[in-house]
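A short write-up of the structure that comes next.
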Amino acid sequence: MKHRCRIRRILIAVVVGTLVAAQGIMPPVSEAQGGAKEKSAGKAKTPPRGKEAPAVAGVNEYSSKNFLLHTDLPPDEARELLTRLETMLVLVSGYFQKPNSQMIEMNVVKNQASWPPNSIPPDALPSIEAKAGITLSVTQTRTTGGQRQVVAAKSIVWAVADRGTPQHEAVHAYCHQSFGRTGPTWYSEGMAELGQYWKAKEDGVHIHEGVLKYLKSQEPKELTEIVAPNQKTGDSWQNYSWRWALCHLLAANPNYKERFKPLGLALLSDQQTSFEEVYGPMAKEINFEYSFFLKHLDQGFRADLCSWDWKAKFQKLKGTASVQAKIDAMRGWQPARVVVKAGDKLSISTTGEWMVSKSGKKLSADGDEEGKGKLMGILFEDYRLSEPFELGANCEWEATGDGNLYLRCRDDWNSIADNSGSVTVKIKLAN
Ligand SMILES: [Zn+2]
């Protein structure tokens, strides 16, 4: 299921919605975004559908610690959905370190015909009919000393009963109820997509196959385009895919994740900051790793294990000097700490063994008969990579270009998480 969202923000009532393709991969583009109206404090109007919505034939009410669910899903599916929502909320609220403070009211429609006439509010009907979702929200603000403060926020979700939409919307509802807003579109939708794909104890990529295929088939969208202001939610599932990709990289890669959470919290509390302000100084590195992430993107890919070490020092070998580097099997490209010029002849030797699967046998840096576990090299020059080349446990190699030498244990990029062990590589000029 691919997501798009519709956001209509009324400061008295804020509406966030999701459009999901009913069939096939290329959903139609439709959605609009409404304007914001300013009104200071007074009694918050209750949203169109309150908690006391009566359970009607076909539509039943279920609740769990954080969710009140009205749905025509069969009881076991309704409970399974509640469990999934609670699990996701633990991850999302744990990430923001802000426990959910208010029940999240969800209306999940499996079969619209099971809902009595007029039981679905006019604001939600178009989304449900489009097999999509929408979150109706109210925010109460108070302005003191020129500062507008959110004093209360309430959201109600309407979503079709597919796999992703209720979870995606629940992220919006949680953010809105906890912070009074969901942040700029790139962040709001990127995090909602991240939330719906999040799996406990799963750090790898697990996304919709259609989204994966699309992202791998395209030239990377410019980061500045993804985070551009004034974007319209509900624009296209393709844009949602790019927003997911950026947020996944920023949340998973250790070079950027430390700054990503405070950026998110600042955006959710309406502070004056931006992606550019926080990551501007690392623009070259982040662009490089973003392209690298998209190039190797696959189910199970670990952005955390494939991050680049930007702090490593590289030196040119002279005379009989040698350099040593420890290369782990459970990581992507790692610095060999040697810079070369085309034509340089190096002698490479290794000690130690590694494994390319939990149950696999111990291998030297020559790898197995299929070449898995073989020591590989690549040259990095000015944020560009050469083609990778084979090395091995003991070999002589003539540099095919200029650059910093990086090494790794050859394995499919999306299956290094079950690797173990490391080899120590010693490099010196060949005689
Ligand atoms: Zn959304």
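On average, how much accessible surface per residue is there in segment 296-431, in Å², for a 1.4 Å probe, leaving out ligands, DNA and RNA?
Solvent-accessible surface per residue comes out at 48 Å².
Please give the peptides 138-149, 329-340 ranked by average Cβ packing (other Cβ atoms within 10 Å per residue), highest first, as a rough proxy for protection.
Taking the mean over residues of other Cβ atoms within 10 Å, the ranking is 329-340, 138-149.
What is segment 315-429's relative contact order, in percent, from Cα pairs under 8 angstrom and six or more apart in sequence?
Relative contact order of segment 315-429: 44 percent.
How long are the semi-axes of the equivalent ellipsoid of the chain, taking √(5λ) for every eigenvalue λ of the Cα gyration tensor, in whole Å from largest down?
49, 23, 17
Name the most mobile residue of GLY180, GLY360, GLY264, meaning the one with the largest mean-square fluctuation, in a Gaussian network model of the chain with Cα contacts below 10 Å.
Result: GLY360 has the largest fluctuation of those listed.
Any idea what the relative contact order of the chain is, in percent, if you count C-alpha pairs under 8 Å spaced at least 6 apart?
About 14 percent, as a whole number.
State, as an integer percentage, the relative contact order of segment 209-285 based on alpha-carbon contacts under 8 Å between residues 6 or more apart. Mind dumping the intermediate values first?
Numbers: 27 pairs, mean separation 15.6, N = 77.
For segment 209-285, the relative contact order is 20 percent.
Once Lys and Arg get +1 and Asp and Glu get -1 on their Cβ, which of ILE378, GLY146, TYR406 lies farthest toward the positive end of the dipole of the chain?
GLY146
What residue among ASP402, ASP411, ASP382 shows peak mean-square fluctuation when the chain is described by a Gaussian network model with Cα springs under 10 Å?
ASP382
Name the residue, out of SER386, SER127, SER415, whose mean-square fluctuation peaks in a Gaussian network model built on the chain with Cα pairs under 10 Å.
SER386
Quick check: net charge around SER349, other residues with Cβ under 11 Å of its Cβ, Lys/Arg +1 and Asp/Glu -1? Write down the numbers at each step before the final one.
Details: positive: LYS426, LYS428; negative: GLU396.
Net local charge, SER349 excluded: +1.
Solvent-accessible area of THR185, probe 1.4 Å, all protein chains present, reported in Å² to the nearest ten, please.
Probe radius 1.4 Å; accessible area of THR185 about 20 Å².
I'd like the Karplus ³J(HN,Hα) series for segment 117-127: coefficients 6.51, -1.76, 1.60, θ = phi - 60°, whole numbers in Hz, and an x wherever there's a Gly or Pro.
Computed from phi, the couplings for segment 117-127 are x, 6, 7, 9, x, x, 5, 9, 3, x, 5 Hz.
Place +1 on the Cβ of every Lys and Arg and -1 on the Cβ of every Asp and Glu in the chain, take the dipole about the Cα centre, and give the residue among GLY195, MET103, TRP354 whose Cα lies farthest towards its positive end.
The listed residue farthest towards the positive side: MET103.
Using DSSP to call loops (not H, G, I, E or B), can you name the trypsin sites (Lys or Arg not before Pro) in segment 350-431 whose Cβ has at most 13 other Cβ atoms within 10 angstrom? It would help to have the intermediate numbers written out before the result.
Working: sites: LYS358, LYS361, LYS362, LYS372, LYS374, ARG384, ARG408, ARG410, LYS426, LYS428; in loops: LYS358, LYS361, LYS362, LYS372, ARG410.
Loop-located and lightly packed - LYS358, LYS361, LYS362.
Grab the Cα-Cα distance for THR143 and LEU125, subtract it from 0.36 nm times how many residues apart they are, and report the gain in nm with one decimal.
On the way: separation 18, 0.36 × 18 = 6.48 nm, distance 3.36 nm.
Additional length available on full extension: 3.1 nm.
Please give the contour-minus-distance gain from ASP298 to THR273: 0.36 nm per residue of separation, less the Cα-Cα distance, rounded to one decimal in nm.
Using 0.36 nm per residue and subtracting the Cα-Cα distance, I get 5.8 nm.
Going through the cross-link list LYS221/LYS426; LYS213/LYS284; LYS372/LYS426, which pairs have a Cα-Cα distance over 30 Å in this structure?
Violating the 30 Å limit, Cα to Cα: LYS221/LYS426.
At q = 0.11, 0.18, 0.22 Å⁻¹, what log₁₀ I(q)/I(0) does a Debye calculation on the Cα points of segment 315-429 give, no solvent, two decimals?
-0.32, -0.83, -1.19
Using helices alone, what [θ] at 222 nm do you get for the chain, with -39,500 (n - 2.57) per DSSP H run of 4 or more residues, divided over all residues and rounded to the nearest 500?
Mean residue ellipticity, 222 nm, calculated: -8000 deg cm²/dmol.
Determine the dipole magnitude for segment 315-429: charges of +1 sit on the beta-carbon of Lys and Arg, -1 on that of Asp and Glu, nothing else is charged, the reference point is the Cα centre, and the result goes in debye to the nearest 20.
Numbers: 17 positive and 17 negative charges, 108 e Å.
In total the dipole reaches around 520 debye.
For the chain, with only Lys/Arg (+1) and Asp/Glu (-1) charged at the beta-carbon, what is the dipole magnitude about the Cα centre, in debye rounded to 20?
Working: 54 positive and 49 negative charges, 242 e Å.
Dipole about the Cα centre, nearest 20: 1160 debye.
For ASP418 and ARG79 in one chain, what is 0.36 nm times their gap in residues minus the Cα-Cα distance, to one decimal in nm?
Stretched out fully, the ASP418 to ARG79 stretch lengthens by 118.7 nm.
Exposed loop sites here are GluC sites (Glu not before Pro) in DSSP loop states with at most 14 other C-beta atoms within 10 Å. What is the longest stretch of the chain lacking them?
Free of exposed loop sites, the longest segment is 53-221.
For segment 315-429, give the share of DSSP beta bridges that are antiparallel, in percent and rounded to the nearest 5; count only bridges with both residues there.
Approximately 95 percent, going by the DSSP bridge assignments.
Which far-off residues, 5 or more places away or on another chain, put their amide H under 5 Å from the one on LEU68, with H placed in the peptide plane?
Here the answer is ILE104, GLU105, MET106, since their amide H atoms fall under 5 Å of that of LEU68.
For LYS98, list the lysines whose Cα falls under 26 Å from its own Cα; do not include residues on the same chain fewer than 8 positions away.
Of all the lysines, those that pass the test against LYS98 - Cα under 26 Å, at least 8 places apart if same chain - are LYS43, LYS45, LYS51, LYS65, LYS154, LYS199, LYS201, LYS257, LYS261.
The values are calculated or read from the model by the stated rules, or taken from the named source; none is laboratory data. From a predicted model like this one, the values you see are computed outputs, not experimental measurements. Ideal geometry is used to build each Cβ from the backbone, glycine not excepted, and the neighbour counts take in all protein chains shown. Heads up: the accessible areas ignore ligands, DNA and RNA and are worked out on the full protein's heavy atoms, side chains in. Shrake-Rupley method; radii C 1.70, N 1.55, O 1.52, S 1.80 Å.
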